Structure formats: structure tokens, C-alpha cells
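The values are calculated or read from the model by the stated rules, or taken from the named source; none is laboratory data. Please read these numbers as outputs of a predicted model, since none were measured by experiment. Virtual Cβ from ideal backbone geometry, glycine too; neighbours counted across all protein chains shown. Surface areas here come from the heavy atoms of the whole protein model, side chains and all, with no ligands, DNA or RNA. Shrake-Rupley method; radii C 1.70, N 1.55, O 1.52, S 1.80 Å.
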Amino acid sequence: MNNSNSLLHTDTEKDQNFPLFSQIDSQHHEQIVICSEPESGLRAIIAIHDTTLGPALGGVRMWPYDNETDALKDVLRLSRAMTYKAAISGLNLGGGKSVIIGDPNTDQSEAMFRALGRYIEGLGGRYIATEDVGMSEQCMEWIYSETNYVTGIPEEIGGNGDPSPVTAYGVYMGMKACVKKTYGGDSLEGKRIAIQGAGNVASHLASRLQEEGAILYVSDLYPEKAKALAERTGAETVKSEEIYELDADIFSPCALGGIINDQTISQFKFDIIAGGANNVLLDEQRHGQSLSERGILYAPDYVINAGGLIHVAGEFAGYDSTRSYKKAAAIYDTVLSVLNRAEEENVPPLIASNAMAEERIKAVGGTGSMYLPGEGELERGR
Ligand code: NAD
């Protein structure tokens, strides 16, 4: 009786009864691993989204999630984003991510990270871990002591070290591609560029832009950081809340996600948005469309900031910074192809880049399917 009744259930009812499976089904994940080791306090989820192109690479994030549903939602979304970033960048990698439920300031221990390392080792190379929000070099070293399926490790223990110089180089090349598309030539000389954030990526980017003769504006939540960068690069400092209304050619968000939203878009006078931060559109569909309607050219974040992934992926083939920079230079061509396709199909660039990433996966034999995160579904880290 029960069985025959269940056949009459609608999809919505099924989704309500099986929220875990419905989430996994809707985003097409290959494998979810629940990691629990009470002795060390480890509660983590590893999500492998797609390994069509290669092993799933993605960061380990530690965050004090309110509940396991939020943790699952985050890991599913983040792992899927990694699939797209790797695919559009021409890397032979899939998308994965792991999240540890806990407070990075109080809950970290060697035992916990070694336990996670053993889970990663158990996956036999289907998932490769790297650093993300809430993690330190020490945490990565603890994981590394249990498994070799780790990348982005410090130079002292054989890794490539800090990815931000390569990320910044990729952003610089992608920005030049946007300038070529908008103005005809790709020189940044004399272009007025507003950089949000004065952290790692922004600092390396500002140096390159200064060398090319750009006119720079920089803001940071910490004014002393903005001041230090401005002094070093000849930039003008701007108050954090004033950067959105600046009369500049290019806006380069290099801080946090979600900063392109209804409030900020209405202030924009920029021609181009090209920066290193992840998930800058609060609502990918709506705000991507809104930028296009205003004639503002947006370089999709995961396309232009892929230098960091390129750098950590390169570590697997042995350290070679020339190769990392060469591959990051190709971001110029990738951004141009995305923008050309967006123009041909009259769609926002993000729709074009998603389609291109999915096509590469499908060509190799995967399923690739569109999923655009909505408001509130933001990546806050790398
Ligand atoms: P970071 O922590 O070194 O720098 C971020 C800076 O932004 C900090 O100085 C912070 O004070 C500032 N900031 C935060 N909110 C701000 C606001 N509202 N206005 C102005 N400044 C603000 O980080 P990072 O490594 O330079 O990364 C920057 C962004 O790029 C992040 O979104 C990160 O996820 C993304 N990203 C980084 C890499 C990498 O290689 N580091 C790779 C890919 C993507």
C-alpha cells in the first residue's frame, strides 16, 4: 500500500522528504562524503561535483555553520563552481570542495586535520585539497602528513607557495582583453582604474597597472592598508563606500563577494568590471543582466581570477612558475572568447562562459548542466 502511494508522489513532495538527495540531484554531484570522527571533533563534508576532465580540485573551508544543511548547501555550490572554473580555464581538473563545521579560531587541532587527511587519502586521488577560508599553512601541513592529495602547500615543503601573484597577473591580462573589446586597443595607459581592496591580489595587480601607466584609485576597509598601497603605486585613496560612484573607466573588485547588487549598480559610471574577487554578483542572473542592460562589460569572476587555480594545479606537475604565468596569460584569450560569444548570442558574459565550460565537459563525456546561484548563495572565499 505504502509502495503504491509513493508512486503517486509529485517531485515537490519527494524533494521535501529527501532534501539531501534532491539538492545533490539538482546540481549533478558525483559523490558526497560525510566525514565524522568524534575523538578529534571532525565533522566535515567532501563534495566531488564532476571528474569528467580530471580529479576534483578545491579548497578546504572551515566555518562555524549554524547547521548541517547550510554546510551541505555551501559545499555543493562551491564544488560545482570549481568544475566551471577548471573547465573554462582549459585545466584537466574537475570540481570539488570540502567544508569543516567548526570555528577556525577555537576548534582546530592536528588530530582533526589528520583525520580529514585520512578521508581524503581514502578517496584515492578523486579529490585534491587546497587551502580556503579559515585554513592556515599549518592546517594544510597536517592534512599533507596523511595524504599526498594536497596542493597549494608552502614552498618550504615543496609547494608553489602564494597563488596571489599569478591570480593578479591573470586579472591584469583579462582586464586588457576587456579594454580591447571596449576601446579597440588593449593598453591600460591613462585608463582610470578603481581597485576595491588592498590585499594580496590587489597589491600585485596595482603594481602591474602602475607599470603600464594607469591612473589608480584604491580603497580598503582598513584605510591604512589602502594608504600603504597608494603610497607604493602612486594611487589615490578613496573611502570604501565611495568607490562605487567613482568616475572611472574600470572597476576592479578584489575584496569580497556580493558587492554588485541593486544598490551599487545604480551608482556605476564604469565601462568595465574586471577583478579578482569571487562571486561578486549578488544574484548572478539578475545582476549580470542588469550590467549588460547598462552597457557595462563584466568579465565573469571565475574566468578572470583563475590564475590562482592554475598556479596550485601546476604544483602537481612540479614547480615551474614560467608555465603558471604562460597559462595565466591565456586568460586574455579566454575572456575575449567569452565576450565575443556573449555579443554574438546577445547574452550576459556569465551565461556565455557557463555554456562554454559545460560544452567542454560534455565534449569529453560528462553531463554539464546550467545552475546559476541566486541571491544569498555567495562564495565568500577563494
Ligand atoms: P586579502 O584578504 O589579502 O585581501 C582582501 C582585502 O579586501 C583586505 O585588505 C580587506 O580588508 C579588504 N576588504 C574587505 N571588504 C572590503 C570592502 N567592502 N571594501 C574595501 N576593502 C575590503 O584577499 P586576497 O587573497 O587578495 O583575495 C581577494 C579576493 O580575490 C577574494 O575574494 C578571494 O576569494 C579572491 N581570489 C583570490 C585568489 C588568490 O590567489 N589570493 C584567487 C582567486 C580569487
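In this rough spin-label picture, where each label sits 7 Å from Cα along the Cβ direction, the residue 69-residue 228 distance is 4.3 nm. Calculation over all alpha carbon pairs of the chain in 10 angstrom steps from 0 returns a P(r) of 5, 23, 32, 25, 11, 2, 1, 0 percent. Assuming a ≥ b ≥ c are the square roots of the Cα gyration tensor eigenvalues, decide whether the range 181-274 counts as rounded (a/c under 1.5), prolate (otherwise, with a/b larger than b/c) or oblate. Judged from the Cα gyration tensor, the range 181-274 comes out oblate (a/c at least 1.5, b/c at or above a/b). Think of the chain as a dipole: +1 on every Lys or Arg Cβ, -1 on every Asp or Glu Cβ, centred on the Cα centre; then among 133, 229, 349, 349 lies furthest on the positive end. Amide H contacts of residue 49 (H built 1.01 Å from N, in plane; Pro and chain starts excluded): 30, 95, 96, 97 sit under 5 Å, all sequence-distant by 5 or more or on other chains. For residue 150, the residues 5 or more places off, or on other chains, whose built amide H falls under 5 Å of its own are 129. Our coupling estimate for the range 263-279, obtained by passing each phi through the Karplus curve with A = 6.51, B = -1.76, C = 1.60 and θ = phi - 60°, is 5, 7, 4, 5, 8, 5, 10, 6, 8, 9, 10, 8, x, x, 5, 8, 6 Hz, Gly and Pro reported as x. Computed from backbone phi, the HN-Hα couplings of the range 294-302 come to 8, x, 9, 7, 10, 8, x, 4, 6 Hz, rounded to whole numbers (Karplus: 6.51 cos²θ - 1.76 cosθ + 1.60, θ = phi - 60°; Gly and Pro given as x). Note on residue 285 and residue 121: the extension gain reaches 55.3 nm, defined as 0.36 nm multiplied by sequence separation minus the Cα-Cα distance. Extension gain for residue 40 to residue 293 (0.36 nm times residue separation, less C-alpha to C-alpha distance): 85.9 nm. In this calculation the C-beta distance from residue 242 to residue 137 is compared with R0 = 51 Å, giving a FRET efficiency of 0.90.
The slack between residue 109 and residue 269, meaning 0.36 nm per residue of separation minus the straight C-alpha distance, is 52.8 nm. Just the number, please: carbon plus sulfur as a percent of the accessible area of the chain, 1.4 Å probe, no ligands or DNA/RNA counted. Looking at the chain in its full context, I get 48 percent from C and S.
Against the main long axis of the alpha-carbon atoms of the chain, helix 284-293 sits at an angle near 20°. Compared with the dominant Cα axis of the chain, that is its longest principal axis, helix 223-233 is turned about 50°.
Just so you know, the Rg over Rh for the range 1-155 is 1.04, from Cα atoms, with Rh as the Kirkwood radius. Charge dipole (Cα centre; +1 on Lys/Arg Cβ, -1 on Asp/Glu Cβ; no other charges) of the range 1-145 amounts to roughly 400 debye. A helix-only calculation puts the chain at -13500 deg cm²/dmol for mean residue ellipticity at 222 nm, using -39500 (n - 2.57) for each DSSP H run of at least four residues, averaged over all residues.
Counting only heavy atoms of the protein chains, get the accessible area per residue of the range 244-347 (1.4 Å probe) and round it to a whole Å² value.
Computed with neighbouring chains in place, this is 40 Å² per residue.
In this structure the amide hydrogen of residue 42, modeled in the peptide plane, comes within under 5 Å of the amide hydrogens of 37, none closer than 5 places in sequence on its chain.
For the chain, the relative contact order comes to 16 percent (Cα pairs under 8 Å, sequence separation of at least 6). Scalar couplings 3J(HN,Hα) for the range 243-258, obtained by applying the Karplus form with A = 6.51, B = -1.76, C = 1.60 to θ = phi - 60°, are 5, 5, 9, 5, 8, 9, 7, 10, 10, 10, x, 10, 10, 10, x, x Hz; x denotes Gly and Pro.
Magnitude of the charge dipole for the chain, about its Cα centre and with charges confined to Cβ atoms of Lys, Arg (+1) and Asp, Glu (-1), is about 820 debye.
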